[in-house]
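Shown next, in structure tokens, is the structure this report addresses.
The values are calculated or read from the model by the stated rules, or taken from the named source; none is laboratory data. From a predicted model like this one, the values you see are computed outputs, not experimental measurements. Here the Cβ positions follow ideal geometry from the backbone for every residue, glycine too, while neighbour counts run over all protein chains shown. We work out accessible area using only protein heavy atoms, side chains counted, and drop any ligands, DNA or RNA first. Shrake-Rupley method; radii C 1.70, N 1.55, O 1.52, S 1.80 Å.
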Amino acid sequence: MRGSDPVSAATKTHCPYCALQCGMEIGPELAIRPRTDIPANASGALCQKGWTAGELLTNGERLTVPLLHGEPVEWDVALDYVANRLSAIRAEHGPDAVAVFGGGGLTNEKAYTLGKFARVALGTSQIDYNGRFCMSSAAAASIKAFGMDRGMPFPITDLAEADIVLLAGGNVAETMPPFVRHVTGPRMIVIDPRRTQTAKLAWLHLQPTPGTDLALALGLLHLLIAEDLVDEEYVAARTTGFDEVRTSLSAWWPERVERITGVPVYRMRQAVRAMAAARKAYILTGRGAEQHAKGTDTVTAFINLALALGLPGRHGSGYGCVTGQGNGQGGREHGQKADQLPGYRKIDDPAAREHVAGVWGVPAESLPGPGRSAYELLDALGTPDGPKAMLLFGSNPVISAPAAEHVAERIGSLDLLVTCDFVMSETAAMADVVFPVTQWAEETGTMTNLEGRVLLRNRAVAPPEGVRSDLDVLAGLAERLGHRFETDPVEVFDELRRASKGGPADYSGITYERITAEKGVFWPCPEPGHPGTPRPFLDSFATPDGRARFVPVQHRPAAEETDEDYPVYMTTGRVLAHYQSGAQTRRIASLVKAAPEPYVELHPDLAEQLDITAGDVVRVSSRRGEAKAVVRISDAIRRDTVFMPFHWEGANRLTNPALDPTSRMPEFKVCAVRVERDS
């Protein structure tokens, strides 16, 4: 198998996992070494997932031949079959009968091509991606407040200079451990229902009831105003809308917030006074604050707090979203989302349509309009008005989608499911056709990390015989549908640059050569001589008048509260050894040894109440399904809450697909469950 043959010298590239995109080198015998020239891990740090990433390349479960109904076939046979079936389904039901579902781990080149393929080769509006499940609420809130969404609008190295960093709903010590190197100096305030590994590092841990982060953020801002700690000069000079927000907070006095959230008033005061006294401070949000049916409003409330403190747009202070997936930022900038075109343009903007259609060489009127968001798309599969076929790239929704059992049923009702994967994931196992594709170090492409820094992942090894890239798959299908698509990532990136030119996420001044020479380039970078934009808001925000917007929001309960039948809250999250749906990490022996199975974490008091002991197998049930797992007992979790990691089948059978009205983010982080010892 040629995939195990290393190149002759060490190749500089980046980790295949999270949005830090740590720099690494791959040397002979697939030896992994951390790089020290990439700011995300300039200290030479890697987590255990990064150190073992070479094992992905020689995994014995690699797919190396296309499968048609489970049987190996030649590439041309599989491509012909898919193209013919797509043509027949489109002819009978129309272009929207075909759906495309992408992933936040795809390179910019693949994300861009996937969006182009959907709109040009298929003519479908039905495209979205799993990044909708990860950071869409923060994106929506940032656009409202700042006019632009760039996860962290500052270099990650700026964090080390701060006095205080408040992290709402993030567990970076487990999800991206090298991140912790950047926050060892500042005092950390962590908001999380669990005393996570990150919370254990914090100066102050606020432990709210799941689903009440919004009320807590409102209470913190109420206290800031009541104690006359608002940066009034900044508010007057750089923002609008504060008076309306000030008025909207009258009902959120601290004692009421304590009753709702369970966070003591004195701890809220500690947090507010420390933030206000800090010379430099940051507020960061993660999935814990965002994955709610009110996630956009929750992030908005934390942005309001940041604005009242005078943080955004100041060197050494600010607000940022801790993006999770490897290319979660770039993946949403170049056309995978249902409502977007390359360059973070809106698909219903006539000028945007004209520009992108011109680059693509098609009439603007031929481009479809906005389609369904990720969960709504999955929920519509196989229904009378929904898609009859789906092409799936870089995602495993049978594990990662909310109400996963229902999603599996919908996927199973399709006339045609086509997946591109390098292993037989749970979703690929359901497919009519599986294309074996290259991964990570077997291909060249760009990634945009959590800072908005565009990085280059270089091909380091040859793929196994018979394996092709996603770009080759899309080009092969496009050719059979009457279109010519480029397969060389350099050529694709050059086209992406032209398509993004003039958009909010302008990559037109970025080249592979610049990325290599400069160790990454920040967008927007509108022309070759432009230095890139590491801190885009220092002079003004990306709004028509250059001012940031305060937006009033109000707390509302979780979409599903506890009751007599389902008396306990459940929240989900990640563990150190695994990543996303686990399709990659559950195939690495050392990572499986570190975290071999799913579990349910209960507080000792709840365990005693339920007569459950550590090691018992319990059945956790919600209104959508049930899952079984081994019990772990820990006082790190609240008495009214249980925790399950989502890297295995089970947790997302329980989660609630209630959607945020703006971002269409599902409510992963809180639902009502019942816990019983399994008979």
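Spelling out what I want: for every residue of segment 466-471, take phi, set θ = phi - 60°, compute 6.51 cos²θ - 1.76 cosθ + 1.60 (Karplus), and round to whole Hz; glycine and proline get x.
Each residue of segment 466-471 in turn: x, 9, 10, 7, 4, 4 Hz.
Relative contact order for segment 163-202: what is it in percent, counting Cα pairs under 8 Å that are at least 6 residues apart? Could you put the intermediate results ahead of the total?
On the way: 53 pairs, mean separation 19.7, N = 40.
The value is 49 percent.
With a 1.4 Å probe and every protein chain kept in, tell me what percent of the accessible surface of the chain is carbon plus sulfur.
On the way: 10760 of 22360 Å².
Carbon and sulfur: 48 percent of the exposed surface of the chain.
In square angstrom, what is the accessible area per residue of segment 284-361 with a 1.4 angstrom probe? Provide the component values of the computation, followed by the final result.
Numbers: 1360 Å² over 78 residues.
Per-residue accessible area for segment 284-361 comes out at 17 Å².
Separation between the residue 75 and residue 157 pseudo-spin-labels, each 7 Å from Cα along Cα→Cβ, expressed in nm?
About 4.2 nm separates the two model spin labels.
Under the rule of at least 5 residues apart or a separate chain, name every residue whose amide H is placed under 5 Å from the amide H of residue 14.
24, 458
Over its Cα atoms, what ratio of radius of gyration to 2.2 N^0.38 Å does segment 279-423 give? It would help to have the intermediate numbers written out before the result.
Details: Rg = 19.0 Å, N = 145, 2.2 N^0.38 = 14.6 Å.
Against the compact-globule rule of thumb, the ratio is 1.31.
Could you give each residue of segment 364-381 its phi-based ³J(HN,Hα) in whole Hz, using Karplus coefficients 6.51, -1.76, 1.60 with θ = phi - 60°, and x for Gly or Pro?
Karplus-based 3J(HN,Hα) across segment 364-381 equals 4, 5, 7, 6, x, x, x, x, 6, 6, 3, 5, 4, 5, 4, 5, 8, 4 Hz.
Per-residue ellipticity at 222 nm for the chain, helices alone: DSSP H runs ≥ 4 residues times -39500 (n - 2.57), over residue total, nearest 500 deg cm²/dmol?
Mean residue ellipticity at 222 nm (helix-derived): -8000 deg cm²/dmol.
Let me cross-check residue 181: its accessible surface, 1.4 Å probe, with only protein heavy atoms counted, in Å² to the nearest 10?
130
Would you mind checking the radius of gyration and Dmax of segment 1-95 based on alpha-carbon positions, in Å?
Computed over the Cα atoms of segment 1-95, radius of gyration and Dmax are 19.7, 57 Å.
Hey, what do the phi angles of segment 583-588 turn into as Karplus ³J(HN,Hα) couplings, whole Hz, using 6.51/-1.76/1.60 and θ = phi - 60°, x for Gly and Pro?
Along segment 583-588, the couplings run 4, 8, 6, 6, 10, 10 Hz.
Amide H of residue 671: which non-local residues (sequence gap of 5 or more, or other chain) have their own amide H closer than 5 Å, using H built in the peptide plane?
For residue 671, the qualifying residues are 570.
Under the definition of Cα pairs under 8 Å and six or more residues apart, what whole-number percent is the relative contact order of segment 151-274? The partial results should precede the final answer.
Working: 158 pairs, mean separation 27.4, N = 124.
This gives 22 percent for segment 151-274.
Restricting to bridges with both residues inside the chain, how much of the DSSP beta-bridge set is antiparallel, in percent to the nearest 5?
Numbers: 36 of 81 bridges.
Expressed as a percentage, antiparallel bridges in the chain total about 45.
How about segment 34-92: which GluC sites (Glu not before Pro) there lie in a loop by DSSP and see at most 13 other Cβ atoms within 10 Å? Provide the component values of the computation, followed by the final result.
Values: sites: 55, 61, 74, 92; in loops: 61, 74.
Listed in order of number, the matching sites are 61, 74.
Non-local amide H neighbours of residue 105 (under 5 Å, H modeled in plane, Pro and chain starts lacking H): which ones?
327
Over 31 Å between C-alpha atoms is what I'm after, so list which of 294/337; 12/346; 12/294 land there.
Working: 294/337 20 Å; 12/346 35 Å; 12/294 41 Å.
The pairs that break the limit, which is 31 Å between Cα atoms, are 12/346; 12/294.
Do any GluC sites (Glu not before Pro) in segment 134-233 lie in a loop, going by DSSP, with at most 16 other beta-carbon atoms within 10 Å of their beta carbon, and if so which?
Values: sites: 161, 174, 227, 232, 233; in loops: 227.
Hits after loop and neighbour filter: 227.
How big is the convex hull of the Cα atoms of segment 466-623, per residue, in Å³? Present the calculation step by step, with values, prior to reporting the outcome.
Details: hull volume 48.1 nm³, N = 158.
Each residue corresponds to 305 Å³ of Cα convex hull volume.
With the other protein chains left in place, how much accessible area per residue, in square angstrom, belongs to segment 399-445 at a 1.4 angstrom probe?
On the way: 1090 Å² over 47 residues.
Here the residues of segment 399-445 average 23 Å² of exposed surface.
Tell me, what is the percent relative contact order of the chain, built from C-alpha pairs under 8 Å that lie six or more residues apart?
This gives 20 percent for the chain.
Quick one: accessible area per residue over segment 97-223, 1.4 Å probe, rounded to a whole number of Å²? Walk me through the numbers before you get to the answer.
Numbers: 2280 Å² over 127 residues.
On a per-residue basis, 18 Å².
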